[in-house]
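Q: Got a structure for you, questions after.
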Amino acid sequence: MSSINTPKNTILLADDHALMRRGLADHLQRSGHQVVAQAEDFNQLKTLVKDCDAKVVVCDCRMPGDGPVNFLFYLTQYRPDLKVVFLSGLDSAVLFSQLLSMGARALVSKKSDINDVLIALDALEQGQSFISPTIKQSLTTTPNMLSAKEFQVFELIVEGHSNTEIAEKLHRSASTVNTHRVSLMQKLDIHSVVELIHFARKNGLYEN
């Protein structure tokens, strides 16, 4: 097959807004990439990554489901070969610093030019990283407050899951989950789930 017909990347695209997915898929394919599958939430995305032949996931940070940090943990178990470009309309240095500490190498702000996605894809192909300037600026004064495992639990608590449900999802004991829960609340000086949700909204982790 000639190089003209060979896609630059095979991509699994995930966003909970159909209009966003359609526009981005069209732009990617006009730029020589191939979108092989699409997902509208993290649960669907997890199912698709096991079976599709994508080389890269282009994924919104804020979709229904278990959250981007839990998704990265999932990839380390089932598809460590997959590269990820995270997209975000959020302004959350707390989340961005956590993703980077776990090995995320491409963070693109939805407020940036759409071609930043293409730049990020090219950077990953060359073994490099890409972070949108606005995201990079927000990271300069934001340390990681939680461990990766604590942040996994944090995401699932905010999504409304109980300790038992979180234990099942993460394949950990309920006592371990509770230890992480107590620890993260102490670190954040938070005393209830309501306060935790308020913290998430205040720090740009969630839009609603």
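Q: Return the total of residues in region 98-118 being β-branched (Val, Ile, Thr) and over 19 Å from Ala54 (Cβ atoms). Full working, then the answer.
A: As a first pass, look at region 98-118 and keep what is β-branched (Val, Ile, Thr): 108, 114, 117.
Still in the list and also over 19 Å from Ala54 (Cβ atoms): 114.
Residues meeting the conditions: 1.
Q: List the pairs whose first member sits in region 177-195 and is of a type outside the set (D, E, K, R), whose second member is not in a helix (DSSP H, G or I), and whose Cβ atoms are under 7 Å apart, counting only residues at least 6 apart or on separate chains?
A: Close Cβ pairs satisfying both conditions: Leu184/Leu146; Met185/His191; Leu188/Met145.
Q: Kindly establish whether Ser101 is surrounded by 19 or more Cβ atoms within 10 Å (Cβ to Cβ), over 11 Å from the mean Cα position of the chain (by Cα) and assigned by TED's automatic domain parsing to the domain that holds Lys8.
A: So Ser101 does not fit the description; no.
Q: A further question follows. Where in region 102-175 are there helices (runs of 4 or more DSSP H), lying fully within it, with 3 or more residues that are closer than 28 Å to Asn43 by Cβ and modelled with pLDDT of 90 or more?
A: Working: elements: 115-125, 133-138, 148-158, 163-170.
Helices (runs of 4 or more DSSP H) meeting the threshold: 115-125, 148-158, 163-170.
Q: Looking at Leu139, Leu121 in this structure, which one is surrounded by 21 or more Cβ atoms within 10 Å (Cβ to Cβ) and either hydrophobic (A, V, I, L, M, F, W, C) or farther than 22 Å from Leu205 by Cβ (or both)?
A: Leu121
Q: Follow-up. When region 87-128 is examined, which residues are found to be polar (S, T, N, Q) and touching a helix residue (DSSP H, G or I) at 6+ places or on another chain (Cβ under 6 Å)?
A: Kept after step one, since they are polar (S, T, N, Q), are these residues of region 87-128: 88, 92, 97-98, 101, 109, 112, 115, 126, 128.
Within region 87-128, Gln98, Ser109 meet the criteria.
Q: Looking at Arg201 and the list (1) under 26 Å from Thr76 (Cα atoms); (2) modelled with pLDDT under 90, which single condition is not satisfied?
A: Status for Arg201: all satisfied but (1).
Q: Condition test on Glu207, is it at pLDDT below 90, out of contact with any Cys (no Cβ under 8 Å at 6 or more places or on another chain) and not assigned by TED's automatic domain parsing to the domain that holds Gly89?
A: In short, yes.
Q: When Leu196 is evaluated against the numbered criteria (1) touching a Phe, Trp or Tyr at 6+ places or on another chain (Cβ under 8 Å); (2) not in a helix (DSSP H, G or I), which criterion, by number, is the only one it fails?
A: Going through the list (1) touching a Phe, Trp or Tyr at 6+ places or on another chain (Cβ under 8 Å); (2) not in a helix (DSSP H, G or I), Leu196 breaks only (2).
The values are calculated or read from the model by the stated rules, or taken from the named source; none is laboratory data. All values derive from a computational prediction rather than experimental measurement. Neighbour counts are summed over all protein chains in view; Cβ atoms, including those assigned to glycine, are modelled from backbone coordinates with ideal geometry.
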